[in-house]
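Data block below; observations after.
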Amino acid sequence: MNKPSIAVHKFSSCDGCQLAFLNAGEELLTLAGLVDIRHFLEAGVADEQARVDIAFVEGSISTDEEVERIRRVRENSTLVVTLGACATAGGLQALRNLDDSHTAWKNAVYAQPAFIRTLDRAEPVSAHIKVDFQLWGCPVNGRQVLAAVRQLLFGVLPAVVHDKVCMECKRQQAVCVMVTSGKPCMGPVTRTGCGALCPRFGRDCYACFGPADDVNTDALSQRLEGLGLPPADVARRFLFITSQAPAFHAAGLRHYRPGFVDD
Amino acid sequence: MIKEAGFLARADLQTLLDRLHDLGYRVIGPVVDDAAILYRDIDRVEQLPLGYTDDQAPGSYRLSQVDTPRCFAWADGPHALKPFLFAPRETMWQVARDSDGRLAFSAVDPRPAKALAVVGVRACDLAALALQDRHFLDHVNDPYYEARRAGLFLVAVHCAYPADTCFCASTGDGPRATTGCDLALHELDDGFIVEAASPRGHAVCDGLSLRAIDDDQRRAANDALSEAAHRQFRRLPSTDLHNGLLARLDHPRWEQVASRCLACGSCTSVCPTCFCHAESDAPSLDGNDSEHLREWDSCFSAGHAQLHGFQVRPEIRQRYRQWLTHKLGSWHEQYGRSGCVGCGRCITWCPVGIDITAEANAICADTIEEAP
Ligand code: SF4
Ligand code: SF4
Ligand code: SF4
């Protein structure tokens, strides 16, 4: 029997999510025995045009070239799975979408802006092609990625994680940082998958796994304001790493005013 | 029946811990950790939260230090007995495939290496334990729960320091521990009135140097408990809201509370009586082994009401209503009493401070009966 083939494609991103594969240790060897890795630059395998059963895509779509390339990935792949916050919800770079400040930022940041050929907007992969499954996180959780691979190899779509971080926080017996110290935790609206990593270390969740299902962003916004956060900070809590996820986008924009710095 | 055993001087409290360790228990007690009072392994009395007290309000918990020689001058923290018996996540069974493709299933032995002795348990948590026993032992006969429950030794502390969120007096479950423990302690400044409530409890007392209890001590202890009951200002409208709630499924308050509720499941997770769980499988990457897992679920999570192909309770309004009508209503049909023991955890640990007593009172306002 032919081994299923996979590819790992990189778009506008930091490469951190691909490391979920490289950091898998022994499991990476197991994976190499189970699948035929046809394209994965970080692992030194290059065949961008390879036809594969499963393509993992890291990064948002941020340039003309990427718009073309993601279409080819779709044509060449049976399943497309996004890997992490950039591919799934735009990532940090999508903050430039908020107030059409792309050109102003480009001119301010780069010595030779003329050489920078970026689109005005950075968008999630799903804005350009059909995506079969999304893995969230900045970065993704390596164990979750491998569990998804296993399920795809069984021929089923991976189970979708519905729960909010609070549920996992409680299963891990972490103590709620919002309740004990008034930290502006995003756990009540954020999809779990990280294992409640931040609250377990006494930090407030900053929503890198994007919105959970059935979120009540208004109720959380109100609570954040009650904790003393000015509107700019409430907006920042939603418009951060997963700003293009519709629930967070809408919630953030309710508090966001273009151009505001700090109240 | 709880019976007075004697007075244990504060300086001798260590002998109680030593005695439990000597009897082979893993001893768990309250300690200050992560800005809260949590149950942890202990072996020295110095680990207890000496001089700490708590300030609890809807959505808020703060510890502070006060001038007292006492170690139990606080109300329950976030952890109940529940996680020790109904584990937040555990493997129920495993399966492995051999080279011929045959599957071999194997059981997981849930028996702990040592039985647990928990020191500092409050009346509400004993009442919750009795309810979890009804569910996991009488109702579903759960071997995982049973294995951990079997050797459990409980040292209760009568609760003289209820938090503002507590309402055990109104559910009839506290503040005095009356049943379900092995030992019960009244804490006074200079020591503890020790009561024994089981043969094992009496046996532990035999190894302690106990003095006679005088009437002043007895009076001080009892007064503190009556005062503790009086200090509680939250209450449910009735101990039986079955008909009251089920007759008000269309009450506008459900919509109102849903606008504030995050559907985060914190309340059900900290509730010492909630028992819902989800099961899933965790196959190894090569697909040759798998573990069958059980983990805490909540009526607030999307997966809980997802049947094949459709969502039974898509709206937060329906999920909050499910929690309240089950906890305070249909538990009566299932277990002969309400599922709430008045511990107040769901109020304190709700990130937005939703108060179950306020909601129940708003919905059943017209059914309020006088508290005894
Ligand atoms: S710390 Fe954050 S994630 Fe954890 S229970 Fe509190 S609000 Fe939820
Ligand atoms: S419903 Fe709330 S107050 Fe009642 S037992 Fe559960 S957590 Fe405690
Ligand atoms: S009542 Fe509070 S703790 Fe419970 S689900 Fe709603 S917001 Fe979360």
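The values are calculated or read from the model by the stated rules, or taken from the named source; none is laboratory data. On a predicted model such as this, the values are computed, not experimentally measured, just so you know. Cβ sites come from the backbone with ideal geometry, for glycine too, and all protein chains shown count toward neighbours. For the accessible areas, the whole protein counts, side chains as well, though only heavy atoms, and no ligand, DNA or RNA atoms are used. Shrake-Rupley method; radii C 1.70, N 1.55, O 1.52, S 1.80 Å.
Restricting the stretch B:316-355 to residues that are of a type in the set (Lys, Arg) and crowded, with 21+ Cβ neighbours inside 10 Å, which is nearest to A:Asp163 (Cα to Cα)?
Filtering the stretch B:316-355 for residues that are of a type in the set (Lys, Arg) and crowded, with 21+ Cβ neighbours inside 10 Å, the one nearest to A:Asp163 (Cα to Cα) comes out as B:Arg319.
I'd like to check which helices (runs of 4 or more DSSP H) are fully inside the stretch B:233-278 and have at least 3 residues that are more than 16 Å from ligand 1 (Cβ to nearest atom) and open to solvent by 20 Å² or more (accessible area, probe 1.4 Å).
B:242-246, B:252-260
Within the stretch B:342-355, identify whether any single residue is more than 16 Å from ligand 3 (Cβ to nearest atom) and within 27 Å of B:Ala177 (Cβ to Cβ), and answer yes or no. It would help to see each step written out before you state the result.
So the first thing to find is which residues in the stretch B:342-355 are more than 16 Å from ligand 3 (Cβ to nearest atom), and the list is B:342.
Still in the list and also within 27 Å of B:Ala177 (Cβ to Cβ): B:342.
Yes, because at least one residue in the stretch B:342-355 is more than 16 Å from ligand 3 (Cβ to nearest atom) and within 27 Å of B:Ala177 (Cβ to Cβ).
Can you name every residue in the stretch A:199-222 that is in contact with a Gly (Cβ under 8 Å, 6 or more places away or on another chain) and in a helix (DSSP H, G or I)?
Once the filter is applied, which keeps residues that are in contact with a Gly (Cβ under 8 Å, 6 or more places away or on another chain) and in a helix (DSSP H, G or I), the stretch A:199-222 yields only A:Pro199.
Collect the residues in the stretch B:234-266 that are within 16 Å of ligand 3 (Cβ to nearest atom) and among the small types (Gly, Ala, Ser), keeping them in residue-number order.
Residues satisfying the conditions are B:Ala258, B:Ser259, B:Ala263, B:Gly265, B:Ser266.
Given (1) among the hydrophobic types (A, V, I, L, M, F, W, C); (2) under 25 Å from B:Ala128 (Cβ atoms); (3) open to solvent by 30 Å² or more (accessible area, probe 1.4 Å), where does B:Val312 come up short, assuming only one miss?
For B:Val312, the failing item is (2).
Select the strands (runs of 3 or more DSSP E) contained entirely in the stretch A:1-98, then report the ones holding at least 1 residues which are closer than 23 Å to A:Pro246 by Cα and either open to solvent by less than 50 Å² (accessible area, probe 1.4 Å) or of a type in the set (Asp, Glu) (or both).
Qualifying strands (runs of 3 or more DSSP E): A:52-58, A:77-83.
Taking helices (runs of 4 or more DSSP H) that do not extend beyond the stretch A:110-182, which have at least 2 residues that are of a type in the set (D, E, K, R) and not assigned by TED's automatic domain parsing to the domain that holds A:Asn23? Working first, answer last.
Numbers: elements: A:142-153, A:165-171, A:177-181.
Ranges flagged: A:165-171.
Looking at the structure I just gave you, is B:Leu63 touching a residue at least 24 places away in the same chain (Cβ under 8 Å), assigned by TED's automatic domain parsing to the domain that holds B:Ala160, open to solvent by 40 Å² or more (accessible area, probe 1.4 Å) and not in a loop (DSSP other than H, G, I, E, B)?
For B:Leu63, the condition - touching a residue at least 24 places away in the same chain (Cβ under 8 Å), assigned by TED's automatic domain parsing to the domain that holds B:Ala160, open to solvent by 40 Å² or more (accessible area, probe 1.4 Å) and not in a loop (DSSP other than H, G, I, E, B) - is met.
If you check B:Cys274 against the conditions, is it within 14 Å of ligand 3 (Cβ to nearest atom), within 18 Å of B:Asn361 (Cβ to Cβ) and either of a type outside the set (Asp, Glu) or within 7 Å of chain A (Cβ to nearest Cβ) (or both)? Give the derivation first.
Numbers: within 14 Å of ligand 3 (Cβ to nearest atom): yes; within 18 Å of B:Asn361 (Cβ to Cβ): no; either of a type outside the set (Asp, Glu) or within 7 Å of chain A (Cβ to nearest Cβ) (or both): yes.
Against the criterion (within 14 Å of ligand 3 (Cβ to nearest atom), within 18 Å of B:Asn361 (Cβ to Cβ) and either of a type outside the set (Asp, Glu) or within 7 Å of chain A (Cβ to nearest Cβ) (or both)), B:Cys274 does not qualify.
Determine the pairs where a residue that is more than 15 Å from B:Ser238 (Cα to Cα), located within the stretch B:322-338, has a partner that is more than 16 Å from ligand 3 (Cβ to nearest atom) and assigned to a helix (DSSP H, G or I) with Cβ atoms under 8 Å apart, the partner being 6 or more residues away or on another chain.
B:Glu333/B:His242; B:Gln334/B:His139; B:Tyr335/B:Leu131; B:Tyr335/B:Arg134; B:Tyr335/B:His135; B:Tyr335/B:His139
Please list, ordered by first then second residue, the pairs with beta carbon atoms under 8 Å, 6 or more apart or interchain, first in the stretch A:185-200 and closer than 19 Å to A:Ala89 by Cβ and of a type in the set (Gly, Ala, Ser), second in a loop (DSSP other than H, G, I, E, B) and within 16 Å of ligand 2 (Cβ to nearest atom).
From residues that are closer than 19 Å to A:Ala89 by Cβ and of a type in the set (Gly, Ala, Ser), the pairs are A:Gly187/B:Cys264; A:Gly187/B:Pro351.
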